[in-house]
1. What number of residues in the stretch 1-44 are at pLDDT below 95 and of a type in the set (Gly, Ala, Ser)?
2. What number of residues within the stretch 49-74 satisfy the criterion of being within 15 Å of Asp18 (Cα to Cα) and either of a type outside the set (A, V, I, L, M) or under 8 Å from the mean Cα position of the chain (by Cα) (or both)?
3. Would you be able to tell me the number of residues in the stretch 36-67 that are surrounded by 12 or more Cβ atoms within 10 Å (Cβ to Cβ) and not in a strand (DSSP E or B)?
4. Among all residue pairs at least 6 apart or on different chains, which show Cβ distances below 7 Å where the first residue, located in the stretch 54-74, is free of Cβ contacts under 8 Å to residues at least 40 places away in the same chain and under 12 Å from Leu29 (Cα atoms) and the second is not small (Gly, Ala, Ser) and not in a strand (DSSP E or B)?
Amino acid sequence: MAPPPLAVLHTEGAPVLDLLTVPQVMARLQLGRSAVYDLLRSGQLASITLGRARRIPTHALTDFIRTRLEQDAS
């Protein structure tokens, strides 16, 4: 079976959905592993599970940071 056409995978103008690993999020937030998993567990940071792997969409990380900045500004 042939793979789907590229237009199905990525349309012009649509953002590419980048997924980050927990260690990548740890590095970006400068937090430990437990702190990141606490954020995931509490629902403050959205993620998806692929098999046993946890992945965090970059937009979820951006939304989390934006929300925290807004909370701190209030």
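1. So the count comes out to 4.
2. 11
3. Result for the stretch 36-67: 17.
4. Short answer, once both residue conditions are applied: Phe64/Gln44; Phe64/Leu45.
The values are calculated or read from the model by the stated rules, or taken from the named source; none is laboratory data. Just so you know, these numbers come straight off a predicted model, no measurement behind them. Cβ sites come from the backbone with ideal geometry, for glycine too, and all protein chains shown count toward neighbours.
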